[in-house]
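Novice: Structure provided below as structure tokens; questions to follow.
The values are calculated or read from the model by the stated rules, or taken from the named source; none is laboratory data. As the structure is a prediction and not an experimental result, all values here were calculated from the model. Cβ sites come from the backbone with ideal geometry, for glycine too, and all protein chains shown count toward neighbours. In case anyone asks, the SASA skips ligands and DNA or RNA and just uses the protein heavy atoms, side chains included. Shrake-Rupley method; radii C 1.70, N 1.55, O 1.52, S 1.80 Å.
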Amino acid sequence: MKKLKIADGVYMLTMNVEDILFEGIWKLENGVTLNSYIVQGEKTAIIDGVIGWNGVPETLYKNFKEIGIDPQDVDYLIVNHMEPDHSGWISNFRKIKDDFTVICTDKAAKMVTSFYGEDKIRIVKEGDTLDLGKGKVLSFHPVPNVHWPDTMYTYESNTKTLFSCDMFGAFGMMGDHSFDDEMTPAEIDFFENEGIRYYSNVMATFTSSVKKAIEKAKTLEINTIAPGHGPVYRKNPQKIIDDYSRYTQYAEGAGKNEVTILWGSMYGMTAKALDCAEKVLQREGIKYNKLHMPLVSESEMVATVFKAAGIIIAAPTYEYKLFPPVAAALNEIGRKRINSKTAFRFGSYGWSGGAEKELKEILERNRMNWDFIESVEFEGAPKEEDLVKVEAGVLELIKKMREKVVE
Ligand code: FEO
């Protein structure tokens, strides 16, 4: 765990976590950080705690001491969001101290009690404040559904710091640099990619709420954004606000000027048509990402579909339905409410069709509202006339997706 000073009396404690399935689902190739913050006036508050895994709370206490704070001096636990990656340590803390107050929204309070048995809770509403002394005043601003209904921002008015918890967060472990002004161009790119992965995996379902949270952030005068995951933005907090605005657009059908190909092939027939599609993309100078299902992790698949303006689905019929790994991927994309993408599908069938029927069912069930170019289906191997249609479909996709490009 690293200890960093954000301002006088404001500290960040951050730890890298790897080899976990985030939320028990998401395989994170590049890990994630868990960030906590201490604000110290005459009273001391911790904002966004840590996970409750063996040894983690104890490491937190050790770090408190190294910045000159006795854990016994902590008066307030500000629970911006109850998900246990931020709150899991509370039961452990209760064992070493019995007089602290949890501060959270009414929705979080219910869960703080049901998860940890805590009942010394102060429930806060929009604009409520907590004066810690020595000029440090916290105010509270609910931003429901970013990412649970309980979530709020905490804002410190003296330093103009927004403690945003999951909002404005990113996956990815931090090396030596934790602040935006320290980052190299490669680190900035890394955290943008990890931000897209994080948004698509964790936040995309709640895009309408994210938009409201962006608007609420704009009502505050912000010098620093200090999220619960990923870097702290103190040089240019507007960058992460703008990035998040762009991500909301990706969830609603926009994307980078690239095509993501979600593909599977049983015996290479659909793959032959995919070869043709790739040649067209190469010839036209379009960047593309190939996701061979089911070999790609769920996290990578969701992120790579999310960020592209154009989607190609290359998948055959399998037992009267769509090739199952591709069907499962599209279902997950639908659950994440990644809507209104521009797409084109082609694929082979043998003794029966059926892929198209299931594709339509998935789109309708999830109300995805994707804009599909007419699909190309072929019996067995693609013939010359099928490849001509595939080429035409790819060209039409390239043309249509241009309207959706937001970089
Ligand atoms: Fe970082 Fe929704 O928890």
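Novice: Which one of Asn369, Asn54, Asn236 has the biggest mean-square fluctuation once the chain is modelled by GNM with Cα springs under 10 Å?
Specialist: Result for the chain, Cα springs under 10 Å: Asn54 fluctuates most.
Novice: If you restrict to DSSP beta bridges whose two residues both lie in the chain, what percentage is antiparallel, to the nearest 5?
Specialist: Just about 45 percent of them are antiparallel.
Novice: Computing the accessible area with a 1.4 Å probe over protein heavy atoms, can you report the carbon and sulfur percentage for the chain?
Specialist: Carbon and sulfur: 49 percent of the exposed surface of the chain.
Novice: Kindly list the residues of segment 114-136 that lie in the label zone of Glu42, defined by a backbone N under 18 Å from the point 7 Å along the Cα-to-C-beta vector.
Specialist: Within reach of a label on Glu42, which here means backbone N under 18 Å from a point 7 Å along Cα→Cβ, segment 114-136 contributes 129-136.
Novice: Same structure, new question: Suppose all protein chains stay in the model; what accessible area per residue would a 1.4 Å probe give for segment 252-296, in Å²?
Specialist: Ligands and nucleic acids excluded, the result is 46 Å² per residue.
Novice: If the chain between Arg94 and Asp73 were fully stretched, how many nm would it gain, using 0.36 nm times the residue separation less the Cα-Cα distance?
Specialist: Values: separation 21, 0.36 × 21 = 7.56 nm, distance 1.32 nm.
Between Arg94 and Asp73, full extension yields 6.2 nm more.
Novice: Can you run phi through the Karplus equation (6.51, -1.76, 1.60; θ = phi - 60°) for segment 227-238 and list ³J(HN,Hα) in whole Hz, with x for Gly and Pro?
Specialist: In residue order, the calculated couplings are x, x, 9, x, x, 9, 10, 10, 8, 9, x, 4 Hz.
Novice: Projecting each Cα onto the charge dipole of the chain (Lys/Arg +1, Asp/Glu -1 at the beta carbon, about the Cα centre), which of Ala186, Leu132, Gly353 comes out farthest on the positive side?
Specialist: Projecting each Cα onto the dipole axis, the largest value belongs to Leu132.
Novice: If you count only protein heavy atoms with a 1.4 Å probe, what accessible area per residue comes out for segment 317-370, rounded to a whole Å²?
Specialist: 48 Å²
Novice: Expressed as a whole number of Å, what is the distance separating the alpha-carbon centroids of segment 161-191 and segment 201-226?
Specialist: If we compute the Cα centre of each part, the gap is 16 Å.
Novice: I need the calculated FRET efficiency for the pair Lys357 and Arg402, taking r as the beta carbon distance and R₀ as 22 Å, to the nearest 0.05.
Specialist: Here the calculated transfer efficiency is 0.15.
Novice: May I ask you to list the residues of segment 327-361 whose amide nitrogen lies under 17 Å from a point 7 Å from Cα along the Cα→beta-carbon direction of Ile25?
Specialist: Within reach of a label on Ile25: 327-339.
Novice: Which distance in nm do the two modelled labels at Ile123 and Glu66 give, with both placed 7 Å along the Cα-to-Cβ direction?
Specialist: Reported label-point gap for Ile123 and Glu66 is 3.9 nm.
Novice: With only alpha-carbon atoms counted, please give the Rg and Dmax of the chain, in Å.
Specialist: 23.9, 78
Novice: With label points built 7 Å along Cα→Cβ from the Cα atoms of Lys383 and Thr219, find their separation and express it in nm.
Specialist: It is 6.4 nm.
Novice: Then there's this: Run the dipole for the chain about the Cα centre, Lys and Arg Cβ at +1, Asp and Glu Cβ at -1, nothing else charged, and hand back the magnitude in debye, nearest 20.
Specialist: Roughly 520 debye, rounded to the nearest 20.
Novice: Could you tell me the extents of segment 186-269's C-alpha atoms along the three principal axes, largest first, rounded to whole Å?
Specialist: 58, 30, 23
Novice: Whole number in Å², please: accessible area per residue of segment 165-231, 1.4 Å probe, ligands, DNA and RNA not counted.
Specialist: 34 Å²
Novice: Hey, got the dipole for segment 265-407? About the Cα centre, +1 on K and R Cβ, -1 on D and E Cβ, debye to the nearest 20?
Specialist: 520 debye
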